[in-house]
Amino acid sequence: MRTRARRRSAIAGAVALAAGVIAWALPASSASATGRLPASTASPVVVVTIGFDDGTADQYAALQELQSHNMHATFFINSGPVDAGDPDHMTVSQLQALQAAGNEIGGHTVDHANIQPLSTADATHEVCDDHATLEGWGLTVTSFAYPFGSWDANAEAIVRGCGYDSARTVSGVSIHVSKGKIGETIPPADPYATRTPPNPKKATKLSTMEQYVTNAESGVASTGQTLWIQFVFHRYCDAHCGAYTLQPAKFHSLLDFLQTEEGQNLVTVLTTAQAMALS
């Protein structure tokens, strides 16, 4: 406990020196889809984003935990199954309610398509039509996530051309400090291929998710560079809903941990659009 307290004290001191990085980088008019950023953004320099992919119906229950912790997430949506007689996906009204509660809605293609091997015309349909449909439902959509984390230069160009400000992969951040890839940077090296830890699975320990954050805290303390940890979740349920199941109890504990780190000015939890507004 004393060792962790000393580590936090050292990190907090470095944060005080590095805080000006975010304060300087944040334009006065920067805003997410909700039109606001947390007042504390000028202090913490480890940004954490909670992301949910695919828009499955069970994810809507995560809203209660997010609200109880005064946090918001980014939900990347495949528009094809929405209101199409598919009970396994959220409805338009639920997506609108998520946005109204301060969460962000992002694009994830119409049909959860791997766009890298598609023809340019088919990939453009998947990305652009998804974007247009989501905006047609009154949603503000600026962030994209590649299905399967599959992308190349052509995919990046299509995403940019369809009106997105950023695109997210599902790899590139390592838990091994020696590899030197302990977080995405802000601004990102490539805004259309932002890096993340591997997708947490049902068997992924809470301590592992926490370590990605504490590694980034230590990295910020030693370099003064703002680092970004993007968690990518899928199914949300108590039962086994597949390999990438996130149990509500584990999510509650993760948000408790992040709330503690926020309280010590080590972390701020932002949506993807909010994080990109810091660039």
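Distant-in-sequence amide contacts of Gly107, defined by a placed amide H-H separation under 5 Å and a gap of 5 or more residues or a different chain, comprise Ile77, Ser143, Phe144, Ala145. With each label modelled as a point 7 angstrom along the Cα→C-beta vector, the Ser93-Asn154 pair spans 4.2 nm.
Quick check on the stretch 112-247: of the DSSP beta bridges with both residues there, what percent are antiparallel, nearest 5%? Can you show the working numbers first?
Numbers: 2 of 9 bridges.
Counting DSSP beta bridges with both partners in the stretch 112-247, the antiparallel share is about 20 percent.
The packing ranking, built from the mean of other Cβ atoms within 10 Å per residue, places the peptides 77-84, 247-254 in the order 77-84, 247-254, highest first.
A cut-off of 5 Å between modelled amide H atoms, ignoring neighbours fewer than 5 places along the same chain, links Phe233 with Gly51, Phe52, Asp53. Ranked by the mean number of other Cβ atoms within 10 Å of their residues, highest first, the peptides 235-245, 159-169 fall in the order 159-169, 235-245.
Applying 0.36 nm per residue to the separation of Ser178 and Leu206 and subtracting their alpha-carbon distance, the gain on full extension is 7.9 nm. Per residue, the accessible area of the stretch 150-279 comes to 38 Å², computed with a 1.4 Å probe over protein heavy atoms only. Altogether, the Stokes-Einstein calculation at 10 °C and 1.306 mPa s, with the Kirkwood radius of the stretch 131-279 over Cα pairs as Rh, returns a diffusion coefficient of 96 µm²/s. Each label was represented as a point 7 Å from its Cα along the Cα-to-Cβ direction; for Asn70 and Asp256 these points are 1.9 nm apart. The stretch 103-169 and the stretch 210-255 have their alpha-carbon centroids 24 Å apart.
Ignoring ligands, DNA and RNA, what percent of the 1.4 Å accessible area of the stretch 110-247 is carbon and sulfur? Spell out each step's value before the answer.
Working: 3030 of 5750 Å².
Roughly 53 percent of what the probe reaches on the stretch 110-247 is carbon or sulfur.
At full extension, Ala84 and Gln225 could sit 46.3 nm farther apart than now, given 0.36 nm per residue minus the alpha carbon distance.
The values are calculated or read from the model by the stated rules, or taken from the named source; none is laboratory data. Keep in mind the model is a prediction, meaning the values are calculated, not measured. Please note: Cβ atoms are built from the backbone with ideal geometry, for glycine as well, and neighbour counts cover all protein chains shown. Heavy atoms of the whole protein, side chains included, go into the accessibility calculation; ligands, DNA and RNA do not. Shrake-Rupley method; radii C 1.70, N 1.55, O 1.52, S 1.80 Å.
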